[in-house]
Amino acid sequence: MSRVETSRAEAMPEAASQAARAPGLLWTFGLFRSELVTTFRRWRTIALLGVLAAVPILVGIAVKIETGDGSSTGGGPGGGGGEGPAFIAQITNNGLFLVFTALAATLPFFLPMAVGVIAGDAIAGEANAGTLRYLLVAPAGRTRLLLTKYATTMTFCVVATLVVAASALAAGALLFPLGDLTTISGTRISFAEGLFRALLIALAVAASLIGIAALGLFISTLTNSGIAAMATTVGLLITVQILDQIPQLDALHPYFFSHYWLSFADLMREPVYWDDLQRNLGLQALYAAVFGSAAWARFMAKDVTA
Amino acid sequence: MAPYESDDSARADDAAVLAAEAEEVRSARRRKAARYLVPVTVVGVAAATIGLVPAFAGSGDPDLPKISAQELIEKIAASDVQQVSGTVKITTDLGLPDLGGLADSLGSQMPSGGSGGDSGSAAAPSAKLLELASGTHTLQVATDGPDKQKLSLLDEAAEYSIIHNGDDLWAYDSASNEVYHATDAGEGEDSKGGEDRKDAPDASEDVPATPQELAEEALKAVDDTTSVTVDGTMQVAGRDAYRLVIEPKQSGSTVGAISIAVDSETGLPLKFTLTPASGGAAVVDAGFTKVDFGKPSASTFDFTPPKGAKVTEADEMEESGHHDSRFDELDKGLGSKDAENSKASKDAAGSEEDFASGLDGLKTIGKGWSTIAEFDTGAEGGMPGGGSDSTGDARVDGFLNSLGDQVKGDFGSGTVFKTRLINVLFTDDGKVYAGAVTKDALVKAANAAE
């Protein structure tokens, strides 16, 4: 924690002097930058990203060993290829599919958990460490601080997704051949377009995390304990995922933030099937609006004692 | 603050201060509450949007010139849409338990089951199309003239595509990365297969039109037993459409009404809904959610098996003698969905009875909507699989027993298997009566046959 505080202490005067010179946009940017630096310098963040980067490598090695005897079909006997994460059957033929498989494997749990840790820590962690009031002493304003915190969390979503994708691409390129690929509709696209789609998919996955980031931030404003906020966020994530599996709750499913997460795979269809992707984005935007404003309402009125 | 001083003027001041403080606290509280109004408003607006938008969208029935049922049917018949692509949503609710599991268990039973055994291919069309018989499915369809069609069944992070391009017919299952391939040329050897194959392009000519096939199927049944009316207009996939309603006049049928939305410009049926006489949700509801009459890009119909995919040739299956039924089902799948569905439900209820005994003893009783098919399986005991071929049938037997209703009548006794559309009566002396009719009508038919 001392490391965090020193970096914060370094960042503050700089931000304050910027505020004196050009208040407004530039100041906000300064605050955002100092938040980013603080967040990404934490060992916790680096460890989370390290774990995320390891997942695709593990999947790649496992598939490589499994198919090392020359058989190239991913599916077991009886056409059991539908099991396991999506796209896993195609990895051996094209390393680029490792990107999709890795994202499909990490999206249900690893990625949102990492985001939940960062988002839950955003306000509650500062309050816990006793740094929140110093942040508010500077003429930042609570709204701006909250927006900065949310922007930092969103940046983490994108970075985390790109880390998974990049690590998967590297592992896929090393372990398996690359080349033209077949979409799940059976049409062929060039490797360049495949890369472009992979980037789109990574962005779609990052956007899928908007909802839980907003939820985590709201929970973070409710408590002064960073651990409690993280645990609650991750707990909610698991609860929602379980509820999403219960058929009797069918009518509620479209409103769970995780319901359309796998829609990113629709980007691999030809023609792309946009309906679920749009629904996903709309739902994430709704969660961001509801819990973002709830977090704002709570944070504006919160007694900051630490 | 000194609220208890006895000076009168001070007391008045204090009261003012107190009032001001109280006011401040109240206003702070109000501001606090007002802030929480923001998320509440967002939720409210979102709920209102979700709740009201479909209602508004549905209320605006398009204003179209009046048209008679005859004219509308002619419009459908004259419809010559060569190029179309779009998204089709199919919801089937036959009132059966989850068919997925049943299909699996039947798949391992049926000699021709696509997923059965090691020699089968997960990409073979029969098993996949059986999935359509329950639940909601989204399909993407594209067609460009009689030679090029594509039909994809969208799955979670996977897709099952059937692509017909010239002489080639490909089926690709992306989940298992398996390919099924058939060519026109490879068909000629087998006479029956060849015949089927000749029909296939004709049938698939209308793939654009999954709903079109359905409509034609339904219109075949039009005679004095049926009433056909045009019932207003509606919007389907953003297009103005007439609503054609077909209702059986006879009693005893389980079919309540069939409603077909016909595109007012092209005459292409856009939506097909079959509601049961018993009420409730539609048994079959198939319609475009998006439709585009432009030319689909040529690359849509190009297919090269992906590297490393397991390719099963239809010829190989032919050698093992199972290929015909696959094609039957494929043609049905490409063509008429309701035939597929009724087939599926018969499969479900009748197990492999159909396959085992063939249709040797098939007779039909009655006509029109309340037609009942009767066949004699010759198997004592009445239960499917209970006779000749009982190996490994225990699961199916148990499953069917749990589904059936025991009935008695002049014919003796038997078991009725009910779905929301098709009912099947197995008598204990080995006769089977099946039809889209009520249980009572089946019993009556069985009594009359005795």
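The values are calculated or read from the model by the stated rules, or taken from the named source; none is laboratory data. Treat the numbers as computed from the prediction; the structure is a model and nothing was measured. Backbone-built Cβ (ideal geometry, glycine too); neighbour counts: all protein chains shown.
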Those residues of region A:277-306 which are within 9 Å of another protein chain (Cβ to nearest Cβ) and either surrounded by 20 or more Cβ atoms within 10 Å (Cβ to Cβ) or at pLDDT 90 or above (or both) amount to A:286, A:289, A:290, A:291, A:292, A:293, A:294, A:295, A:296, A:297, A:298
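Scanning for something modelled with pLDDT of 85 or more, in contact with a strand residue (DSSP E or B) (Cβ under 8 Å, 6 or more places away or on another chain) and not charged (D, E, K, R), does region B:220-228 turn up at least one residue? Full working, then the answer.
Taking region B:220-228 as the starting set, the residues that turn out to be modelled with pLDDT of 85 or more are none.
No, because not a single residue in region B:220-228 is modelled with pLDDT of 85 or more, in contact with a strand residue (DSSP E or B) (Cβ under 8 Å, 6 or more places away or on another chain) and not charged (D, E, K, R).
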When the residues of region A:149-185 are filtered to those that are within 11 Å of chain B (Cβ to nearest Cβ) and touching an Asp or Glu at 6+ places or on another chain (Cβ under 8 Å), which remaining residue is surrounded by the fewest Cβ atoms within 10 Å (Cβ to Cβ)?
A:183
May I ask you to verify whether residue A:89 is among the hydrophobic types (A, V, I, L, M, F, W, C), buried (at least 22 other Cβ atoms within 10 Å of the Cβ), at pLDDT below 90 and closer than 20 Å to residue A:184 by Cα?
yes
In this structure, is residue B:237 at pLDDT 80 or above and within 20 Å of the chain's Cα centre (by Cα)?
yes
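I need the full set of residues from region A:260-276 which are among the small types (Gly, Ala, Ser) and more than 7 Å from chain B (Cβ to nearest Cβ), in order please.
Hit for region A:260-276 is A:263, nothing else.
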So how many residues does region B:283-303 have that are at the interface with chain A (Cβ under 8 Å from one of its Cβ atoms) and free of Cβ contacts under 8 Å to residues at least 12 places away in the same chain?
1
Checking residue B:133 against (1) closer than 27 Å to residue A:274 by Cα; (2) at pLDDT 65 or above; (3) within 13 Å of chain A (Cβ to nearest Cβ), the condition it does not meet
(3)
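Could you grab me the full set of residues in region B:151-172 that are at the interface with chain A (Cβ under 8 Å from one of its Cβ atoms) and either modelled with pLDDT of 85 or more or within 19 Å of the chain's Cα centre (by Cα) (or both)?
If we filter region B:151-172 for residues that are at the interface with chain A (Cβ under 8 Å from one of its Cβ atoms), which is where we start, we get B:152, B:154, B:156-159, B:161, B:163, B:170, B:172.
Listed by number, the residues that qualify are B:152, B:154, B:156, B:158, B:159, B:161, B:163, B:170, B:172.
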Please indicate, with yes or no, whether at least one residue in region B:181-197 is in the same structural domain as residue B:288 (by TED's automatic domain parsing), surrounded by 17 or more Cβ atoms within 10 Å (Cβ to Cβ), of a type in the set (Gly, Ala, Ser) and modelled with pLDDT under 70.
yes
Condition (residue is free of Cβ contacts under 8 Å to residues at least 60 places away in the same chain, within 16 Å of residue A:49 (Cβ to Cβ) and assigned to a helix (DSSP H, G or I)) applied to region A:147-156: is it met by at least one residue?
yes
